[in-house]
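**Student:** Shown below is the structure under consideration.
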Amino acid sequence: MITESVNKWEPKDIGNPVSGAQYVVEYLDNDGKTKFDKYHGQACYISLSNRYSDNYYGADRSLKKYKTAVAIHAAIIGGQMKDKMDDYLSFLFDPKRSPWASIIPRKGLDWVPPTQKQPIVTIPVTSETPSQLVFNLLFAVRLGHDIPQIVRRFNWLTERGWTEYEALFTSVYYGLDRNNKTVTEDPWNNHNAFNSGRLIDLTALEKKQPHLTKPNLKFYNGYSNVTDIWDKPGRVRYSTEIYNIKKVDTNYEGAFKKTFNNKVGHTFYSSNEVDNDTILALKDEILAKGRS
């Protein structure tokens, strides 16, 4: 898994990646000397989990190599949103505003935006840093590449006065494509920082209080224990009005249905009919699902 173990490391060693997960783990060796393990060309962050996490795929197979971890230096991959991620990343890395604030130092995180050479973020860690939160933040950083419609909608909503929390919550369900159309498909659900098929706890985002498990991370099948830290309690799935809005459900009787009836003249509707004006007009109903 490790490409190289070195005594020195510079951001240029990672280069300017266009895909995958590329990062360096900084830690102290048995002699107390600073060491760097470089992971290049990894498909995802699962390559880090069996060394940094308490548990890997449910079995006690952790190498527990990084008991003296100091930091994770991870490449920022901008993808389609390369030159439109600064506001989004500034929110993610802000020690006062970020939902991940509990693992961000008071001075914030050191990072280089994706418009620059060797874009990178440094996340200070110790062996006690909650693994779930570290992985989850790394997933959130990658959304500009993995699921660009989320970051595009985030920008669109914050430009219209929504808070960053409200915009992030809504963007997971109603992304925005290059043609300014609503898109609800989540092509990389397992690499999303959120469960798009469950109801996100908007209040937890706003209070910066993720629902961490104890022990702080056990990987079972995929990344479920990473993405579910923002789920509403009770793991409500496929039974909320937001999900009904995404899919076709003739039993739904909320304000969206009345709007659809007036606009398209029938009771059957699909996610494609959730246009931008409707999202703005029915802001309160959307956000109430995450707070109620």
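**Student:** So for the pair S90, Q116, with labels modelled 7 Å out along Cα→Cβ, what separation do we get in nm?
**Tutor:** With each label point 7 Å from Cα toward Cβ, the separation is 1.4 nm.
**Student:** Sort E185, E206, E128 so that the residue with the fewest other Cβ atoms within 10 Å of its own Cβ comes first and the one with the most comes last.
**Tutor:** Neighbour counts put them in this order, fewest first: E128, E185, E206.
**Student:** Checking the cross-link filter: which aspartates and glutamates have an alpha carbon closer than 16 Å to that of K117, excluding same-chain neighbours under 8 positions apart?
**Tutor:** Qualifying aspartates and glutamates at Cα under 16 Å: E10, D13, D83, D86.
**Student:** With respect to the cross-link table entries K96/K232; K33/K84; K84/K107; K38/K67, which display a Cα-Cα separation exceeding 28 Å? If you can, show how the numbers build up before the last one.
**Tutor:** Details: K96/K232 22 Å; K33/K84 39 Å; K84/K107 23 Å; K38/K67 17 Å.
Check vs 28 Å cut-off fails for K33/K84.
**Student:** Just to confirm a number: summing +1 for Lys and Arg and -1 for Asp and Glu over residues other than S90 whose beta-carbon lies under 10 angstrom from that of S90, what do you get?
**Tutor:** Taking every Cβ under 10 Å from that of S90, the sum is -3.
Values quoted throughout were computed directly from the atomic coordinates according to the rules given, and no laboratory measurement underlies them. The model shown is predicted, which means the values in this text are computed figures rather than measured ones. With ideal geometry, Cβ positions are generated from the backbone for all residues, glycine too; neighbour counts draw on all protein chains shown.
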